[in-house]
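Q: Below: one structure in structure tokens.
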Amino acid sequence: MGTVATVDGTEIYYKDWGPRDAQPIVFHHGWPLSADDWDSQMLYFLAQGYRVIAHDRRGHGRSSQSAAGHDMDTYAADVSVLAEALDLRHAVHIGHSTGGGEVARYVARAEPGRVAKAVLVSAVPPVMVKSESNPGGLPIEVFDGFRASLAANRAQFYIEVPSGPFYGFNRPGAEVSQGLIDNWWRQGMRGAANAHYECIKAFSETDFTEDLKSIEVPVLVAHGTDDQIVPYEDAGPLSAKLLPNGRLKSYEGYPHGMLSTHPDVINPDLLAFVKE
């Protein structure tokens, strides 16, 4: 575990486990969480002999609560600094939700040899917000509601999201995990309110279309059909079509947080793709 300093002095916290000569797998977390959201995947791939790395995005978790830079260009630039500092080569980058957007932006701009493959899980690309060019997106009022709830009572909002749509715990017959809800709240409240507020614009309004078109490495797009945060039809299938070397894997009835609710299914699928 350690930190790296970005060009504006922000300290990015990261975990780095496993053999230094093994292939690195880099995990990019969703909003408003931290590297801790990848515990299941990091332990799984560590046991398979990989080098596993996860960082806290600026303003999230244990990284600096910076005043600025809460946009996808800066997030990707921060990842570039981390990759250079750790001298990561032929890495697999796996991003969940907002982290999937970060992966798309970073991989599209990465130095040759840095990236071998990428995975977008329940990810925000191509673009979330509704517009004339994206009629299937979510209305801007949805994201305005996120901002209003965060500003009014962030602590309560961070209970309601994981208790309901994030993990699909609001579905009839759902097996609710209080531990997942509490851990989501713990991670969220450790980050900065300003960073989380501004990140809503970054994950909802950034258009990743050109990023996806330019990515040449193999990319797995994994998405649950009952994703209530990033709706399936306007995300996974569209991203897979834009990627020159993309593949879509759909999970019937799985929620946005399927990495945590179904790691027994998702982790082996990720491993199979990495080993191809």
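So that you can scan it fast, the table gives a plain yes or no per residue for (1) farther than 20 Å from residue 216 by Cα; (2) crowded, with 24+ Cβ neighbours inside 10 Å:
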site: 62; (1), (2): yes, no
site: 67; (1), (2): yes, no
site: 77; (1), (2): no, no
site: 94; (1), (2): no, yes
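Q: Looking at the range 161-180, which of the residues that are within 20 Å of the chain's Cα centre (by Cα) and in a helix (DSSP H, G or I) is farthest from residue 231 (Cα to Cα)?
A: Here the answer is 180.
Q: Still on this structure: Within the range 1-26, how many residues are within 19 Å of residue 71 (Cα to Cα), of a type in the set (A, V, I, L, M, F, W, C) and either surrounded by 16 or more Cβ atoms within 10 Å (Cβ to Cβ) or modelled with pLDDT of 95 or more (or both)?
A: 3
Q: Within the group 4, 26, which residue is farther than 23 Å from residue 183 by Cβ, among the β-branched types (Val, Ile, Thr) and either in contact with a Lys or Arg (Cβ under 6 Å, 6 or more places away or on another chain) or part of a strand (DSSP E or B) (or both)?
A: 4
Q: Before we move on, is residue 195 more than 15 Å from residue 104 (Cα to Cα) and either without any contact (Cβ under 8 Å) to a residue 12 or more places away in the chain or assigned to a loop (DSSP other than H, G, I, E, B) (or both)?
A: In short, no.
The values are calculated or read from the model by the stated rules, or taken from the named source; none is laboratory data. Just so we're clear, the structure is a prediction, and the values are computed from it rather than from any experiment. In this analysis, Cβ positions are derived from the backbone assuming ideal geometry, glycine residues included, and neighbour counts consider all displayed protein chains.
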